[in-house]
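What follows is a short report on a single structure.
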Amino acid sequence: MRSPKDFFEPLAIGAPQPVREIPVRPSRMIHFFDPSNPKMAAKVPSIAKGCDILLGNLEDAVQSDKKLAAREGFIEIAKATDFGDCQLWTRVNSLDSPWVLDDLIQIVTAVGNKLDVVMVPKVEGPEDIHYVDRLLAQLEARAKVERPILVHAILETASGVVNIEAIAGASPRMQGMSLGPADLAASRRMKTTRVGGGHPGYLVRADPSPNDAEAPRPTAQQDLWHYTIARMVDACASHGILPFYGPFGDIRDTLACEDQFRNAFLLGCVGAWSLHPVQIEIAKKVFSPTVEDVVWAKRVIDEMGDGTGAVMIDGKMQDDATVKQCRVMVGLAQMLADRDPDLKKAYGL
Ligand code: GLV
Ligand code: MG
């Protein structure tokens, strides 16, 4: 075990000092693009203007004969584009693939100073993060990268879920985690064939009526992902890093996508992946607090004075704990308002 005293020392001579706190920036959507697709690449500069995080995907969904084109395309786009306030991430290939070493070496060497976060797929345990951590430090030192590149793990293996707390605390680079429901379903041998979302077969049925055993019995679909998201939120919150919902594959089902994103938001996630521009708008709507919630939260904070004791507002008891929840809400609203003049006006901040 490394001594806690050394935890914030760079892992290579000349690498930048690790961060002590994860910078919290608007992160409502991680919008995926395929850098090997010239049509998609051409849209990157305009999408960056309305997006919190843009991610060049090198892993699954990029065909094996396009892997090199995707990596080279990403480097070109990163060099040529002014991303403004939008963060630039990449998802590299998995650590057991033949591509990941060159993904990391070439990208950090060429555009390390423009890259905010590396998303690492199929993380099984803290040892995977340690490997990436040291390698990034060596590459940062060699390429004279000025600030540490952060690491985001996808929670998409059964081992990853078992080791989730150790992964969350494996390195000061750990920025956050995303649920990867498609690979996780495969790893767990779940009997689904979808990318995220619910399943009509996963339900709870009301008891039979005592008076009429044949009467229809209402059912309610349950959330397949509740347990995993809740564990992820606790692991992330306890380590000061950020949890995200992952992909929702049914692009046309915007309503169910919105529901799934909102469940994640209410449970503590800061954002979700978007696989199509229509999902950017859904994420923006869902992961920005409602005006009503912000107005209420400001009122509670005002009426609670120094934040201790209890008051009744419209018949609802408020105390130290509700004021803390309200500060989370207003803090998020303020961060988003600082970036978006429409939200600033709507929130009255
Ligand atoms: C994402 O990578 C997933 O497997 O769901
Ligand atoms: Mg996956």
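Throughout, read-outs are computed from the coordinates displayed, never taken from laboratory work. Given the structure is predicted, the values throughout are model-derived calculations rather than measurements. For neighbour counting, all protein chains shown are included, and Cβ atoms are generated from backbone atoms with ideal geometry for every residue, glycine included.
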inquiry  = Could you identify which residue out of Asp207, Asp223, Asp65 has the top mean-square fluctuation in a GNM of the chain using Cα springs shorter than 10 Å?
reply    = Asp207
key: Förster radius 56 Å - calculated FRET efficiency between Asp6 and Tyr227 (Cβ-Cβ, nearest 0.05)   = 0.95
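Can you pull the percent of Cα pairs in the chain with separation above 36 Å? Could you put the intermediate results ahead of the total?
Working: 15256 of 60726 pairs.
Of all Cα-Cα distances in the chain, 25 percent exceed 36 Å.
Charges only on Cβ, +1 for Lys and Arg, -1 for Asp and Glu: so what's the dipole of the chain about the Cα centre, in debye to the nearest 20? Numbers along the way, then the final one.
Details: 39 positive and 46 negative charges, 116 e Å.
The dipole magnitude comes to about 560 debye.
Over the stretch 4-287, what is the relative contact order in percent, taking alpha-carbon pairs closer than 8 angstrom and at least six residues apart?
Values: 554 pairs, mean separation 51.8, N = 284.
Here the relative contact order equals 18 percent.
Pull out the extension gain between Asp102 and Leu255, defined as 0.36 nm times the separation in residues minus the alpha carbon to alpha carbon distance; nm, one decimal.
Numbers: separation 153, 0.36 × 153 = 55.08 nm, distance 3.96 nm.
Result: 51.1 nm gained on full extension.
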query = Whole-Å semi-axes of the stretch 131-253's equivalent ellipsoid, largest first, each the root of 5 times a Cα gyration tensor eigenvalue?
reply = 41, 14, 12
task = Would you mind computing, in nm to one decimal, how far apart the modelled labels at Val295 and Thr219 are, each placed 7 Å from Cα along Cα→Cβ?
result = 4.1 nm
ask   = How high is the relative contact order of the stretch 292-347, given as a whole-number percent (alpha carbon pairs under 8 Å, six or more residues apart)?
value = 32 percent
message = At 7 Å along Cα-to-Cβ for each site, give me the label-to-label distance between Glu21 and Ala346 in nm.
response = 2.7 nm
Proximal lysines to Lys122, defined as alpha-carbon separation beneath 22 angstrom and excluding residues fewer than eight positions away on the same chain = Lys66, Lys67, Lys191
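Considering every pair of different Cα atoms, what Kirkwood radius, in Å, is found for the stretch 292-347? Working shown, then result.
Numbers: mean 1/r = 0.0861 Å⁻¹.
Across the stretch 292-347, the inverse of the average 1/r is 11.6 Å.
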message = Using +1 at the C-beta of Lys and Arg and -1 at the C-beta of Asp and Glu, which of Ser238, Asn263, Val145 has the Cα lying farthest in the positive direction of the dipole of the chain?
response = Val145
key: Alpha-carbon centroids, the stretch 77-130 and the stretch 220-234: separation in whole Å   = 28 Å
inquiry  = How far apart, in nanometres, would the label points at Glu76 and Lys285 be if each is projected 7 angstrom from Cα along the Cα-to-Cβ direction?
reply    = 3.6 nm
